[in-house]
1. Count, please, the residues in region 11-37 that happen to be free of Cβ contacts under 8 Å to residues at least 60 places away in the same chain, surrounded by fewer than 18 Cβ atoms within 10 Å (Cβ to Cβ) and assigned to a helix (DSSP H, G or I).
2. Which one of these does PHE67 not meet: (1) under 21 Å from LEU113 (Cα atoms); (2) in contact with an Asp or Glu (Cβ under 9 Å, 6 or more places away or on another chain)?
3. Of the residues ASP38, ASP27, ASP74, only one is within 22 Å of GLY4 (Cβ to Cβ), more than 14 Å from the chain's Cα centre (by Cα), of a type outside the set (A, V, I, L, M, F, W, C) and at pLDDT 95 or above; which?
4. Would region 50-67 turn up any residue that is buried (at least 22 other Cβ atoms within 10 Å of the Cβ), of a type in the set (D, E, K, R) and closer than 15 Å to GLU10 by Cβ?
5. How many residues are assigned to a helix (DSSP H, G or I) and modelled with pLDDT of 85 or more when one looks only at region 80-122?
6. If I filter region 76-89 for residues that are out of contact with any Ser or Thr (no Cβ under 8 Å at 6 or more places or on another chain), within 16 Å of ALA111 (Cα to Cα), surrounded by fewer than 17 Cβ atoms within 10 Å (Cβ to Cβ) and not charged (D, E, K, R), do I get at least one hit?
7. Do we have any residue at all in region 67-79 that's touching a strand residue (DSSP E or B) at 6+ places or on another chain (Cβ under 8 Å) and assigned to a loop (DSSP other than H, G, I, E, B)?
Amino acid sequence: MPGGSVLVVEDDPDIREVLVTILGAYDYHVVAATDGADALAKLRGECPHPCVILLDLMMPGMNGAQFRAEQMNDPALAAIPVVVLSGDGRTPEKASTIGLEWLKKPVDFDALLATIRRFCPP
């Protein structure tokens, strides 16, 4: 795929669908996961080498911080860049605690695309 693969980890189906649609319109191959456990399964299966992961923090099941801890413990996954995408008012603090950059929901699509392009050059 010209734009590379992006893994979107988002429990809200509406937000997930918008992200998949927008990124797909810019020629990114997008794989969507509903929580951290689903994301890990997809990384170990249909989406093994995305150029970036967009990660919601607050999800039922395995949340974003738990996913990140599991990702960092797996040498095959640890190097994949992650960008936090969250509506939590403490997103900057939470993202920096786990060593990640962040985008605030509702997301500014120009900022989202600029961020994705840094990790997935055309």
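The values are calculated or read from the model by the stated rules, or taken from the named source; none is laboratory data. A quick note: this is a predicted structure, and the numbers were derived from the prediction, not measured. In this analysis, Cβ positions are derived from the backbone assuming ideal geometry, glycine residues included, and neighbour counts consider all displayed protein chains.
1. Number satisfying all stated conditions: 9.
2. Unmet for PHE67, out of (1) under 21 Å from LEU113 (Cα atoms); (2) in contact with an Asp or Glu (Cβ under 9 Å, 6 or more places away or on another chain): (1).
3. Numbers: ASP38 fails: more than 14 Å from the chain's Cα centre (by Cα); ASP27 fails: at pLDDT 95 or above.
Residue meeting the stated conditions: ASP74.
4. yes
5. Residues of region 80-122 assigned to a helix (DSSP H, G or I): 91-97, 109-119.
Narrowing the set further to residues that are modelled with pLDDT of 85 or more leaves 109-119.
Residues meeting the conditions: 11.
6. So in region 76-89, the residues out of contact with any Ser or Thr (no Cβ under 8 Å at 6 or more places or on another chain) come out as 76-82, 85-89.
Still in the running and within 16 Å of ALA111 (Cα to Cα): 82, 85-87.
Of the ones still in play, those that are also surrounded by fewer than 17 Cβ atoms within 10 Å (Cβ to Cβ) are 87.
Imposing the further condition that a residue be not charged (D, E, K, R) reduces the set to 87.
Checked against the condition, which is being out of contact with any Ser or Thr (no Cβ under 8 Å at 6 or more places or on another chain), within 16 Å of ALA111 (Cα to Cα), surrounded by fewer than 17 Cβ atoms within 10 Å (Cβ to Cβ) and not charged (D, E, K, R), region 76-89 yields at least one hit.
7. Taking region 67-79 first, the residues touching a strand residue (DSSP E or B) at 6+ places or on another chain (Cβ under 8 Å) are 67-68, 71.
Subset that is assigned to a loop (DSSP other than H, G, I, E, B): none.
Within region 67-79, none of the residues are touching a strand residue (DSSP E or B) at 6+ places or on another chain (Cβ under 8 Å) and assigned to a loop (DSSP other than H, G, I, E, B).
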